[in-house]
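What follows is one structure encoded as structure tokens, with my remarks underneath.
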Amino acid sequence: MNNKRSKRHEGRKAITLAVVGAISMVIGSLNAAVVNITEGSTTGYTMTDGNTYVIQNSVSFSNSTVGGSGMSVEDGATVVLYVPQGVTLTASGADGEGRTGGGAGIRVPETTTLVITGEGKVVASGGNAGDGIKGENGKNASSEGHSS
């Protein structure tokens with residue numbers, strides 16, 4: 001019986017260490033380079049490597065450039081985005097046009113890491129796809145003015 005108690009205690013200890021490690025990682029990154037965000041933008045916003053972005057109050061990011069993203073994470077970057085309880089972050093991508101596709105609400109390239117934490121709300125929506133240009137109708141063949 002003592003052996004079972006020991007295994008159970010080891011399991012709890014491992015879980016506790018994992019939770020403490022995760023909290024330490026977030027706190028450590030919060031103490032690194034903190035960028036407080038208090039207002040949104042209509043020209044997009046790029047988050048850069050090594051920073052923790054703290055949303056101070058409800059804000060909106062959009063982009064008026066065709067196909068532009070509301071927010072983006074820089075290529076190759078690792079970023080923490082903290083949204084506290086009671087705060088809403090809204091990010092909207094611009095619509096596409098022609099051959100340009102719609103932008104992302106929050107663009108996260110494959111080479112990046114974005115950690116979103118906190119108990120607030122994140123609303124991200126992409127723009128509508130590009131609509132291309134409709135081709136012209138073909139014309140019927142004719143043989144006008146041809147005599148034999």
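Net charge of the neighbourhood of Asp49, taken over other residues with C-beta under 10 Å away and scored Lys/Arg +1, Asp/Glu -1, is -2.
Does the stretch 46-125 classify as rounded, prolate or oblate by the C-alpha gyration tensor (a ≥ b ≥ c root eigenvalues; a/c under 1.5 gives rounded; else a/b over b/c gives prolate, otherwise oblate)?
Judged from the Cα gyration tensor, the stretch 46-125 comes out oblate (a/c at least 1.5, b/c at or above a/b).
Only the coordinates and a few stated rules stand behind these numbers; no lab work does. These numbers were taken from a predicted model, which means no experiment stands behind them. Here Cβ is always computed from backbone atoms with ideal geometry, including for glycine, and neighbour counts include all displayed protein chains.
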